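All remarks here apply to the structure that follows.
Every number in this text was worked out from the coordinates using simple rules, so none of it is lab data. Just so it is clear, the model here is predicted, and its values are computed rather than measured. Please note: Cβ atoms are built from the backbone with ideal geometry, for glycine as well, and neighbour counts cover all protein chains shown.
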Amino acid sequence: MDAIAAAAGVSKPVVYACFGSKDELFTAMLDREEERILTETTEALATTGGAEDPEGTLIRGFQVFLEAAAKSPDIYRVIFLGQGGGNEVVADRIARGIEQQVSVAAEIAKHWVKGYSDLTGPEADAAAELLGQTIVGLAQVGARTLLREQSHWTPETLGEKLGRMVWAARAAI
């Protein structure tokens with residue numbers, strides 16, 4: 001709370017006046033970041049060609065996600081590195097957000113499974129779910145890598161690498 005007050009240029013009581021507890025503060029930060037990342041990712045996916053350019057869509061989606069991590073490293077360190085965590089309310093909120101991301105990724109992956117495999121029905125749905133889990137898992141690995149090794153990777157270079165890796169893995173479907 002001290003660090004937040006200092007960064008905002010206000011006193012700690014002002015922060016507590018806005019947020020009654022650390023749980024409320026973390027929840028507000030997570031809400032803000034989740035909204036921002038979903039909005040930015042949706043906009044990026046809408047402009048990259050979607051089903052017509054799956055590899056480009058993956059690359060841009062990873063880049064947008066990693067750019068968000070680079071813009072708010074303290075929040076993403078709590079989420080992906082466990083720094084400052086240990087709070088059950090925050091952990092539950094993060095888990096719900098990750099499941100929402102998996103759901104969105106799996107919906108996008110359904111189009112790719114349909115277009116690039118012979119799978120149908122429940123088998124296709126299971127493959128899309130697995131691909132969605134893979135995409136979100138690699139995004140999390142990317143965020144951890146970016147936050148730990150900022151001198152080597154940028155959101156652009158790491159996003160491109162991850163997008164190409166996932167697209168290459170689609171052959172295993």
Q. Spin-label point model (7 Å from Cα, Cβ direction): what's the A169 to E156 distance in nm?
A. 2.5 nm
**Q.** Tensor-based shape of segment 1-40 (alpha-carbon gyration tensor, a/c under 1.5 rounded, otherwise prolate or oblate)
**A.** prolate
**Q.** Computed label-point distance, nm, for sites A8 and E99 using a 7 Å Cα→Cβ extension
**A.** 3.0 nm
Q: Figure the gain on full extension for S21 and T120 (residue separation times 0.36 nm, minus the Cα-Cα span) and round it to one decimal in nm.
A: 30.8 nm
**Q.** Exceeding the 30 Å Cα-Cα cut-off - candidates K71/K114; K22/K110; K12/K71
**A.** K71/K114; K22/K110
